[in-house]
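**Student:** Input: one structure, supplied below.
The values are calculated or read from the model by the stated rules, or taken from the named source; none is laboratory data. None of these values were measured; they are calculated from a predicted model. Counting neighbours? That spans all protein chains shown, and the Cβs are built from the backbone with ideal geometry, glycine included.
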Amino acid sequence: MGPRDFTLAIYGKLLDAFQRSGHRFSTFSDHILEPKERAILLRHDVDDRKLHSLAFARMQHQRGIVGTYYFRCVPQSFDKEVMREIHDLGHEVGYHYEEMDLCSGDPVRAYELFRTNLEAFRSVVPITSICMHGSPRSPYDNKALWDRYDYKQHGIVGEPYFDLDFERMAYYTDTGRCWDGGSFSVRDRIPGSGKSEFHGTAEMIAAIVQGGFPALAMLNFHPQRWTDDHSLWIRDKYVQYAKNYAKYGLIRWRSITNGQIA
């Protein structure tokens, strides 16, 4: 029997499979500045348990792999020492913005707060990319801030949901504690990307080994879900089950109230 899913052990096997199969890695900003036909972009949303993200970053560094880490402005994510170490390991650190949620949908206040938070991040490490935080319980979409403003005026080279061509690049996210949990995702959705062909990480590894994994792909991880601690792993598994049912219900309710379901 192989290792349990959502552990550092199986994550290491995933990285090793990519490397043995000849895949190359790029940070998000580097890919935007110099797009490649073959590249694996490892994106990490640091929503909570920031030390889990640091463990990911160290594992990647040991293998000569780079990734991108998006930190929130809240205490459970924002940590100057962790951000500096991840940056010093050669990874990209970006800003996981959520100002529309924090400002109750007011774009003027949200924009001012975004500028303040961006400067706070840049006082710690260089920031050249941003990525929205989904804020699934909020009625506000953080991406809506850019209906009125332009993040590129602030030296930002890109935002994944706006600046990647997902008709050419495959996208996989561990939202829902699986790789095909789109029905549980409130906002981490890519139009036209289709349903993932992988449920678990072992299936993904098998495809890589067999040469069936896309040459160009972004993988979105939430490192707080990945642990070798058995007690924490069990707890998170059942907490995520409850969250999935709650998010599925929320999605259904919003669809009905918006007239999308007859």
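**Student:** Identify the single condition in (1) surrounded by fewer than 18 Cβ atoms within 10 Å (Cβ to Cβ); (2) assigned to a loop (DSSP other than H, G, I, E, B); (3) modelled with pLDDT of 95 or more that Ala207 does not satisfy, given that it satisfies every other one.
**Tutor:** Condition (2) is where Ala207 drops out.
**Student:** Taking interchain pairs and intrachain pairs at least six residues apart, which have beta carbon atoms under 6 angstrom, with the first residue in the range 156-175 and over 17 Å from Thr27 (Cβ atoms) and assigned to a loop (DSSP other than H, G, I, E, B) and the second among the hydroxyl-bearing types (Ser, Thr, Tyr) and at pLDDT below 95?
**Tutor:** Note: pairs meeting the criteria are Phe166/Ser193; Thr175/Ser185.
**Student:** Could you please find all residues in the range 1-35 being at pLDDT below 95 and of a type outside the set (A, V, I, L, M, F, W, C)?
**Tutor:** First, pick out the residues of the range 1-35 that are at pLDDT below 95: 1-4.
Residues satisfying the conditions are Gly2, Pro3, Arg4.
**Student:** Restricting the first residue to the range 20-32 and requiring it to be more than 14 Å from His91 (Cβ to Cβ), which pairs with a second residue that is outside any loop (DSSP other than H, G, I, E, B) and of a type in the set (D, E, K, R) meet a Cβ separation below 8 Å and a spacing of at least six or different chains?
**Tutor:** Correct list of pairs: Ile32/Asp163.
**Student:** Follow-up. Report yes if some residue within the range 220-228 is in a loop (DSSP other than H, G, I, E, B), of a type in the set (Asp, Glu) and without any contact (Cβ under 8 Å) to a residue 24 or more places away in the chain; otherwise report no. Even if it seems obvious, please write down each step before you answer.
**Tutor:** Here is the first cut: in the range 220-228, the ones in a loop (DSSP other than H, G, I, E, B) are 222, 226-228.
With of a type in the set (Asp, Glu) added as a condition, the list becomes 228.
So of that shortlist, the ones also without any contact (Cβ under 8 Å) to a residue 24 or more places away in the chain come out as none.
Checking the range 220-228: not a single residue is in a loop (DSSP other than H, G, I, E, B), of a type in the set (Asp, Glu) and without any contact (Cβ under 8 Å) to a residue 24 or more places away in the chain.
**Student:** Next up: Go through the range 214-236 and count every residue that is of a type in the set (D, E, K, R) and in contact with a helix residue (DSSP H, G or I) (Cβ under 8 Å, 6 or more places away or on another chain). Lay out the reasoning, then the answer.
**Tutor:** Just the residues of the range 214-236 that are of a type in the set (D, E, K, R), to begin with: 225, 228-229, 235-236.
Narrowing the set further to residues that are in contact with a helix residue (DSSP H, G or I) (Cβ under 8 Å, 6 or more places away or on another chain) leaves 225, 228, 236.
Looking only at that region, the number is 3.
**Student:** Still on this structure, please answer the following. Any idea how many residues of the range 123-172 are under 22 Å from Asp79 (Cα atoms), more than 18 Å from the chain's Cα centre (by Cα) and surrounded by 15 or more Cβ atoms within 10 Å (Cβ to Cβ)?
**Tutor:** Residues meeting the conditions: 2.
**Student:** So how many residues does the range 43-77 have that are over 22 Å from Ala9 (Cβ atoms), of a type outside the set (A, V, I, L, M) and free of Cβ contacts under 8 Å to residues at least 40 places away in the same chain?
**Tutor:** Residues flagged as over 22 Å from Ala9 (Cβ atoms), of a type outside the set (A, V, I, L, M) and free of Cβ contacts under 8 Å to residues at least 40 places away in the same chain within the range 43-77 amount to 3.
**Student:** Which condition breaks for Thr116 when tested against (1) part of a helix (DSSP H, G or I); (2) touching a residue at least 24 places away in the same chain (Cβ under 8 Å); (3) farther than 19 Å from Trp226 by Cβ; (4) hydroxyl-bearing (Ser, Thr, Tyr)?
**Tutor:** Among (1) part of a helix (DSSP H, G or I); (2) touching a residue at least 24 places away in the same chain (Cβ under 8 Å); (3) farther than 19 Å from Trp226 by Cβ; (4) hydroxyl-bearing (Ser, Thr, Tyr), the lone unmet condition for Thr116 is (2).
**Student:** Also, quick follow-up: Just give me the residues in the range 144-155 being free of Cβ contacts under 8 Å to residues at least 12 places away in the same chain and part of a helix (DSSP H, G or I), in sequence order. Break it down into steps so the answer makes sense when it comes.
**Tutor:** First, the residues of the range 144-155 that are free of Cβ contacts under 8 Å to residues at least 12 places away in the same chain: 150, 152-153.
Listed by number, the residues that qualify are Lys152, Gln153.
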